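Since the structure comes first, as structure tokens, the remarks are kept for the end.
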Amino acid sequence: MTTATQTQRVRSEPQSPRWSLSSRVAFRFCFTYFGLFCLATQIFGGLVPVNVEIPDPATLWPARQIVFWTAAHVFRVTHPLVYTDSGSGDKTFDWVLAFCLLALAMLATGVWSVLDRKRQNYVALDKWFRLFIRFALASEMFLYGMDKVVPLQMPFPDLTRLIKPYGSFSPMGVLWSSIGASRAYEMFAGGAEMLGGILLVVPRTTLFGALICLVDMIQVFMLNMTYDVPVKLFSFHLLLMSVFLLAPELSRLVQFFLLNRAVEPSTQPQLFGARRANRIALAVQVVFGIWLVGMNAYGGWKSWHTYGGGREKSPLYGIWNVDQIAIEGQLRAPLLTDYDRWRRAIFDFPARMTFQRMDDSFASYGAAIDAGAKTLALTKPGDKNWKANFTFQRVARDRLTLDGNMDSHKVHMQLQLVDRNKFLLVNRGFHWIEEYPFNR
């Protein structure tokens, strides 16, 4: 090979770009922090290609002990930390964990910057890390999206919600009930989240997918903030991950959307130099994305039939007005001041039931109903000695009598079924034409 040919090839090879100091430091921090966050939280389980419950790694040794120590010695937290799945993503444990990850990422970034200060860029590491973040974000979009496409996250208001006074709802309860009352909107919102995740799976549509995810997560984060939904911390991180994926394209987006200028194609490097290797990588990404969608679809279908709209209902399903109640043979008048006089009995889920008192407060019980023997056994959470056993007779479709003993007192009740379909929230439906929309 001649010297001229060698010189020509050297000149034709792309020069490795030199990143600015701020870009290198920012990458080191993002790599460390987002990497730790994904590996410590539910995102880790969402990326495991098996449909089993996996605990968040941060709740295991030694991460849990580090969080406990930090909470006690840095923040002076004296109460026990809840770290198991309680339905909240804004527990004290979660906030202290975020602080620990932030401190560790800052320390690691500093050490990394000193030891690797001569490196010009992280092009190779960056493209693989972005692949990881793409699927980390996509897995959560599939999880929350499918829980809305199959209306599970915000279910249609159950029987107790239908009669609960509006003023006793929490802000989150208002949001959950209002979205749950409109399954079409919930499914639309879930479809938007699913679309963002699907577009993230394919490299060429990553930019569009990240934009959709950013819009989705801005809405979700604002709802969480304004309705006090305890997923503020986690949704904010998903928002930041969307921004991270968009950061390299920020200049092109500004040029196109704000300055109305033509832009060049994206310069983001492919994973491999060979075309065949990139095709194989694309196929693997698509298959893995389909697998994640399939796992979440199966989980949604299973949950729909376990606790969603397709679940089994109580044999006595319905809202029952207590027309008459006698305790130890004495009739109890429906006085608002009578705390022990039930106003309604609600049978919804098979294994529990709820009484509504005269002051509109509620008392929930475990329930075991034998439709064949026509018996009802109640248990009281937190009190093993309390018990109630009834026999029931359904003298008509909308008439029910209960006889038995409740907490050592003889009780007789006569109940009448409330027609659920008469609730405006249930029967209103959709209208193209409305003459007086506020007369409701």
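Stretched out fully, how many nm does the piece from ASN427 to ILE290 gain, at 0.36 nm a residue minus the Cα gap?
Taking ASN427 through ILE290 to full extension adds about 45.5 nm, to one decimal.
Where the centroid of each part is defined by its Cα atoms, how far is region 364-386 from region 182-196 in Å? Region 364-386 and region 182-196 have Cα centres separated by 38 Å.
Counting Lys and Arg as +1 and Asp and Glu as -1 over every other residue whose Cβ lies under 14 Å from the Cβ of ALA377, the net charge comes to +2. Result for the chain in a Gaussian network model with C-alpha springs under 10 Å: among VAL229, VAL220, VAL411, the largest mean-square fluctuation is at VAL411. Of the trypsin sites (Lys or Arg not before Pro) found in region 221-298, the ones in coil according to DSSP and having at most 10 other Cβ atoms within 10 Å of their Cβ are ARG261. Between the listed residues SER170, PHE29, THR267, the Cα displaced farthest toward the positive end of the dipole of the chain, a dipole computed from Cβ unit charges relative to the Cα centre, is found at THR267. Using the alpha-carbon centroid of each, what span in Å lies between region 208-256 and region 272-351? For region 208-256 versus region 272-351, the Cα centre distance is 29 Å. Just checking the listed ones, TRP112, TRP386, TRP301: in the Gaussian network model of the chain with Cα springs under 10 Å, the one fluctuating most is TRP386. Could you tell me whether region 321-400 comes out rounded, prolate or oblate from its Cα gyration tensor? Rule is a ≥ b ≥ c as square roots of the eigenvalues, rounded for a/c under 1.5, then prolate if a/b exceeds b/c, otherwise oblate. Here region 321-400 falls in the oblate category.
Over all other residues within a Cβ to Cβ distance under 13 Å of PHE272, the charged ones net out to +4, with Lys and Arg as +1 and Asp and Glu as -1. Evaluated with a Cβ-only charge set (Lys, Arg +1; Asp, Glu -1), region 113-164 carries a dipole of roughly 300 debye about its Cα centre, given to the nearest 20. Of the residues GLN120, ALA388, HIS409, the one whose Cα sits farthest toward the positive end of the charge dipole of the chain, with +1 on the Cβ of Lys and Arg and -1 on the Cβ of Asp and Glu, is GLN120.
Once you sort the root eigenvalues of the Cα gyration tensor of region 87-245 as a ≥ b ≥ c, which label holds: rounded (a/c under 1.5), prolate (a/b larger than b/c) or oblate (the other case)? Taking the square roots of the gyration eigenvalues as a ≥ b ≥ c, region 87-245 is oblate. Evaluate E = 1/(1 + (r/R0)^6) for LYS127 and SER364, where r is the Cβ-Cβ distance and R0 equals 41 Å; express this FRET efficiency to the nearest 0.05. Efficiency at R0 = 41 Å is approximately 0.15.
With the charge dipole of the chain set up from +1 on Lys and Arg Cβ and -1 on Asp and Glu Cβ about the Cα centre, the Cα lying farthest toward the positive end among the listed residues LEU159, TRP301, ILE133 is that of ILE133. For the chain, modelled as a Gaussian network with Cα springs under 10 Å, which listed residue fluctuates most, GLU193, GLU53, GLU312? Among GLU193, GLU53, GLU312, the largest mean-square fluctuation in the Gaussian network model of the chain belongs to GLU53. If you plug the beta carbon distance of TYR436 and SER182 into 1/(1 + (r/R0)^6) with R0 = 25 Å, you get a FRET efficiency near 0.75. Work out, step by step, the length gained on full extension between ARG276 and ALA377: first 0.36 nm times the residue separation, then minus their alpha carbon distance; give nm to one decimal. Additional length available on full extension: 29.7 nm.
Helices assigned as whole DSSP H runs in the chain whose Cα atoms extend at least 20 Å along their own long axis and whose mean Kyte-Doolittle hydropathy is -0.5 or higher are found at 21-40, 92-115, 123-149, 183-201, 206-226, 232-246, 275-306. The charge dipole of the chain, taken about the Cα centre with unit charges on the Cβ atoms of Lys, Arg (+1) and Asp, Glu (-1), comes to about 1280 debye, rounded to the nearest 20. Each Lys or Arg adds one and each Asp or Glu takes one away; over the other residues whose Cβ falls under 13 Å from the Cβ of LEU125, this sums to +3.
Only the coordinates and a few stated rules stand behind these numbers; no lab work does. Quantities reported herein were computed from a predicted structural model and do not represent experimental measurements. In this analysis, Cβ positions are derived from the backbone assuming ideal geometry, glycine residues included, and neighbour counts consider all displayed protein chains.
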